[in-house]
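J.: My questions will all concern the structure given below.
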Amino acid sequence: MSIFLDCINGKDVNRPPVWLMRQAGRYMKEYKETRKRAGSFLNLCYNSELAAEVTIQPIEKFGFDAAILFADILLILDALGVKVDFVEGLGPRLEPIKKIDEINNLINPHDIHEKLNPVYNTVSILKKSLPSDVPLIGFAGAPWTLATYLINGKGEPGSVTAKKFLLSNPIEFERIINILTEATIEYLLMQIKAGADVIKIFDSWAGALNADMVLTYSLNPIKRIVSEIKKKYPKIPFIVFPRGVSTTYSYFSEINKFDVLAVDQFLDRHWISQKIQPKKLIQGNLDPIFLTLNKDILLKELENVVGSFKKYPFIFNLGHGITPDAKVENVKALVEYIKEINM
Ligand code: 1CP
């Protein structure tokens, strides 16, 4: 009874399912109120009741077809013993690895669960409280994206610091990727055990890698994670988001084990419909900036996105996360527009 799961499972649906990346967030006053009660962003992530509350807020307000667990991709680094802080107005700041032998200080991937237990608890609460037709998406950051934060200490355009590290120390970098891959497998297995219906892997900084590096450091570790998890849970669908990888998206579309490919807003929609959609169900790719503009500008772009993708089933979403300056009335208009489509 879920249009989102039906679409992923290849059943006939009469319109695209719709949800938005970062649908719980600062553009909503309800989120800001709960966030204030939590005291800090990390407290909100680790407070299962409040994290469940903010996960549900956009479902109740807008009627999205899927919910995404409220947490952050950087919690797993916190659990691995890296100091993580979220600085108001700046974003995440971490204590980065400065010397290669500091890799040895990371906590064993098998021992991350005590710290991450509140996240699994959030999943359990959500499974009980979400409407039965709204599946829950669990998620993790991909090893490369996590490695960029571990090495840069923060999001860095071009991920230059991490790229220099991997080119200068390929053996040590491989070790880092392996640790992060193992931890991610552990983390996602526990989310599924707690009740997550679908898993999304965010490789938000994959676009910083050159094409050959994309295959080695983005695609391969993600493939390993999905394969390992599907050995235990063969039916669990995976959405993979290698943001910014340009034409190497076509390599991701070849991987049978991936169920959905999330496409960013920089890809040519004609190319997506010709090269990707025949091979893989897609999700995307409205530029989040349209949610900040006049409604008529948004509606026109919705027409463009839907017009480009409608030859095949697709999941409606943004090309990247919603921004704090998105207008609530635009989000309402977007959901209404998609729900009125009859394909
Ligand atoms: O002050 C606040 O309220 C913090 C803003 C915020 C929020 C609402 C951050 C800090 N994270 C989140 C929640 C979050 N992050 C979710 C929750 C569920 C939802 O989608 O509604 C998810 C899935 C994430 C994932 C995430 N965190 C990614 C991958 C997706 C993407 O946007 O590319 C990344 C890269 C992060 C790191 C992070 N955490 C927060 C910020 C602002 C960032 C990214 C920016 C940076 O590195 O500077």
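J.: Mind checking which aspartates and glutamates have their C-alpha under 12 Å from K230, skipping anything on the same chain fewer than 8 residues away?
T.: D259
J.: Further question: Treating the angle as unsigned and between 0 and 90°, give the value, to the nearest 10°, between the Cα long axis of helix 170-194 and the longest Cα principal axis of the chain.
T.: Compared with the principal axis, the helix lies near 50 degrees.
J.: Rounded to whole Å, give me the distance from the Cα center of the stretch 1-24 to that of the stretch 48-71.
T.: Answer, in whole Å: 16.
J.: Past 29 Å, Cα to Cα, is the threshold; run K36/K235; K32/K200; K36/K127 against it and keep the listed order. All intermediate terms of the calculation are to be shown ahead of the outcome.
T.: Numbers: K36/K235 38 Å; K32/K200 25 Å; K36/K127 25 Å.
Cα-Cα > 29 Å for K36/K235; rest within.
J.: Once you have the Cα-Cα distance between N108 and I171, take 0.36 nm times their residue separation minus that, and quote the gain in nm to one decimal.
T.: Working: separation 63, 0.36 × 63 = 22.68 nm, distance 1.88 nm.
In short, 20.8 nm is gained.
J.: Let me ask another. Placing +1 at every Lys and Arg Cβ and -1 at every Asp and Glu Cβ, with all other atoms neutral, what dipole size does the chain have around its Cα centre, in debye to the nearest 20? Don't skip to the end; give the middle numbers.
T.: On the way: 42 positive and 39 negative charges, 72 e Å.
For the chain, the charge dipole is close to 340 debye.
J.: For D101 and K29, what is the calculated FRET efficiency with R₀ set at 51 Å and r taken between the beta-carbons, to the nearest 0.05? Can you show the working numbers first?
T.: Working: r = 47 Å, r/R0 = 0.93.
Given R0 = 51 Å and the Cβ-Cβ separation, E is 0.60.
J.: By per-residue mean of other Cβ atoms within 10 Å, what is the highest-first order of 330-336, 253-259? Kindly include the intermediate steps, with their values, before the conclusion.
T.: On the way: 330-336: 18.3, 253-259: 15.9.
So the peptides 330-336, 253-259, ranked by packing, come out 330-336, 253-259.
J.: Same structure, new question: Under 20 Å from the Cα of K29, which aspartates and glutamates turn up, not counting those fewer than eight places away in the same chain?
T.: Cα-Cα hits under 20 Å: E49, E53, E60, D72, E88, D325, E329.
J.: Local charge sum around V335 (other residues, Cβ-Cβ under 14 Å, Lys/Arg +1, Asp/Glu -1)?
T.: On the way: positive: R15, K61, K295, K327, K332, K339; negative: E60, D65, E329, E336, E340.
Counting the neighbours of V335, the net charge comes to +1.
J.: Whole angstrom only: what separates the Cα centroid of the stretch 111-163 from the Cα centroid of the stretch 166-181?
T.: Cα centres, the stretch 111-163 to the stretch 166-181: 20 Å.
J.: Step through the residues of the stretch 160-167 one at a time and calculate ³J(HN,Hα) from phi using the Karplus curve (6.51 cos²θ - 1.76 cosθ + 1.60, θ = phi - 60°), rounding each to whole Hz and writing x for Gly and Pro.
T.: 4, 4, 5, 5, 4, 4, 5, 6
J.: Under 16 Å Cα-Cα from K311, which lysines qualify once same-chain neighbours fewer than 8 residues away are excluded?
T.: Filter leaves K11, K275, K279, K280.
J.: With an 8 Å Cα cut-off and a minimum separation of 6 or more residues, compute the relative contact order for the stretch 59-142 in percent.
T.: On the way: 72 pairs, mean separation 36.7, N = 84.
In percent, rounded to a whole number, it is 44.
J.: Set the Förster radius R0 to 22 Å, insert the Cβ-Cβ distance between K193 and M1 as r into 1/(1 + (r/R0)^6), and round the FRET efficiency to 0.05.
T.: Numbers: r = 23 Å, r/R0 = 1.03.
About 0.45, to the nearest 0.05.
J.: Can you compute the helix-only [θ] at 222 nm over the chain? Use -39500 (n - 2.57) per DSSP H run of at least 4 residues, normalise by all residues, nearest 500 deg cm²/dmol.
T.: Details: 13 runs with 148 residues, N = 343.
Taking each H run of at least 4 residues, the total per residue is -13000 deg cm²/dmol.
J.: Also, quick follow-up: Please report the net charge: other residues with Cβ closer than 10 Å to the Cβ of C45, K and R +1, D and E -1.
T.: Details: positive: none; negative: D72, D78.
Local charge sum for C45: -2.
J.: Follow-up question, since we're still on this one. Using unit Cβ charges (K, R positive; D, E negative) and no other charged atoms, how large, in debye to the nearest 20, is the dipole of the stretch 203-314 about its Cα centre? Walk me through the intermediate numbers first.
T.: Values: 16 positive and 11 negative charges, 123 e Å.
Value, rounded to 20: 600 debye.
J.: Another one. Which residue, L261, I76, L130, has the largest displacement toward the positive end of the dipole of the chain when charges sit on each Cβ (Lys, Arg +1; Asp, Glu -1)?
T.: Projecting each Cα onto the dipole axis, the largest value belongs to L261.
J.: How much length is gained if the chain between R37 and V160 is pulled fully straight, taking 0.36 nm per residue apart and subtracting their Cα-Cα distance, in nm to one decimal? It would help to have the intermediate numbers written out before the result.
T.: Working: separation 123, 0.36 × 123 = 44.28 nm, distance 3.71 nm.
Length gained, R37 through V160: 40.6 nm.
J.: Is any residue of the stretch 246-270 close enough, with backbone N under 20 Å, to a label point placed 7 angstrom from the Cα of I341 along the Cα-Cβ axis, and if so, which?
T.: Correct set: 259-270.
J.: Net charge around I112, counting only other residues with Cβ within less than 13 Å of its Cβ (Lys, Arg = +1; Asp, Glu = -1)? Let's see the in-between values first.
T.: Numbers: positive: K115; negative: D78, D111, E114, E182, E186.
In short, -4.
J.: Then there is this: Let me check against my output: what whole-number percent is the relative contact order of the chain, with C-alpha pairs under 8 Å and at least 6 apart? Mind dumping the intermediate values first?
T.: Details: 608 pairs, mean separation 70.0, N = 343.
With pairs under 8 Å counted, the relative contact order is 20 percent.
J.: Among V328, V260, V18, which one moves the most in a GNM of the chain with springs linking Cα atoms closer than 10 Å?
T.: V328
Bear in mind that the values in this text are calculations on the coordinates, not laboratory data. Remember, predicted model here, so these are calculated numbers, not experimental data. Cβ coordinates were reconstructed from backbone atoms using ideal geometry, including for glycine residues, and neighbour counts include every protein chain displayed.
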